[in-house]
Amino acid sequence: MSNANLGLENQTMYTAYVLVKNFISNERELKFSEFSLIEIHPDTDVLEKAKNLFSVGVPHFHDWIYERRYYDIKVNQWEKISSDIEDTLFLLRLFKVGDLVFIRPCIQAQDGNLMRQLPYRVMSDIATLHDYELQSDETSKFDQFASEMILKKELACELVSNSPPFLSLWEQQRV
């Protein structure tokens, strides 16, 4: 479906990508409500795309690409993209057991300009024998799980922000 069919022809689009390792599925592409996972497979042109996106990350056959699109994101909302990537990794790890790895996050602007994020602890590669397995029939279950977890997070944040500050006895004596 083209951007024109979605009413997005005048909007600026950014796409977040991450190289995904230690992931196994029964399909070559998994579509979730907010993102997609695409396997780098010898029978497709996805390897060339991965090499362009992750020139330092050394993509291999049977690694995966995380892809999420954003429309009309403001400059002061850039942290949302990296937070979404980290939240997705966290939620996938909560959903099922396995040593899932996200590395080399990058953002591609509509004009093709690629912005790469430097490596940091949350996004690091590990060698493991415990791959993360997710089948195509589990994507809707994950979407439901993720939306419930995000709702709980939002409610907890609202509760904390509306609560009076907690002061220990020591802090009360200082005030």
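A single entry from ASP125, ASP99, ASP143 fulfils the requirement of being modelled with pLDDT under 85 and either crowded, with 18+ Cβ neighbours inside 10 Å or under 16 Å from the mean Cα position of the chain (by Cα) (or both): ASP125. Residue count for segment 29-50 under the criterion of being out of contact with any Ser or Thr (no Cβ under 9 Å at 6 or more places or on another chain) and not small (Gly, Ala, Ser): the result is 10. It is to be established whether one or more residues within segment 108-117 are under 14 Å from the mean Cα position of the chain (by Cα), at pLDDT below 90, part of a loop (DSSP other than H, G, I, E, B) and of a type outside the set (S, T, N, Q). No, every residue in segment 108-117 fails to be under 14 Å from the mean Cα position of the chain (by Cα), at pLDDT below 90, part of a loop (DSSP other than H, G, I, E, B) and of a type outside the set (S, T, N, Q).
Of all the numbered requirements in (1) touching a Pro at 6+ places or on another chain (Cβ under 9 Å); (2) modelled with pLDDT of 70 or more, LEU92 misses one, and that requirement is (1).
For (1) over 23 Å from LYS153 (Cβ atoms); (2) surrounded by fewer than 17 Cβ atoms within 10 Å (Cβ to Cβ), each residue gets a yes or a no:
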| residue | (1), (2) |
| --- | --- |
| HIS41 | yes, yes |
| ASP72 | yes, yes |
| GLU86 | no, yes |
| ILE107 | yes, no |
| GLN110 | yes, yes |
| LEU114 | yes, yes |
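Among the residues of segment 8-15, not a single one is under 17 Å from GLN108 (Cα atoms), at pLDDT 90 or above and not in a strand (DSSP E or B).
Remark: pairs (first residue in segment 84-104, farther than 22 Å from ASP137 by Cβ; second residue of a type in the set (Val, Ile, Thr) and surrounded by fewer than 17 Cβ atoms within 10 Å (Cβ to Cβ); Cβ separation under 7 Å; 6+ apart in sequence or on different chains) = GLU86/VAL122; ASP99/ILE126; ASP99/THR128; VAL101/ILE126; ARG104/VAL56.
Of all residue pairs spaced 6 or more apart or on separate chains, those with beta-carbon atoms under 6 Å, a first member in segment 31-43 that is among the charged types (D, E, K, R) and a second member that is in a loop (DSSP other than H, G, I, E, B) are GLU39/ARG28. In segment 66-82, what residues are assigned to a helix (DSSP H, G or I) and either closer than 17 Å to PHE32 by Cβ or at pLDDT below 75 (or both)? The answer is VAL75, ASN76, GLN77, TRP78, ILE81.
The values are calculated or read from the model by the stated rules, or taken from the named source; none is laboratory data. Just so you know, these numbers come straight off a predicted model, no measurement behind them. So basically every Cβ, Gly included, is an ideal-geometry build from the backbone, and we count neighbours across all protein chains shown.
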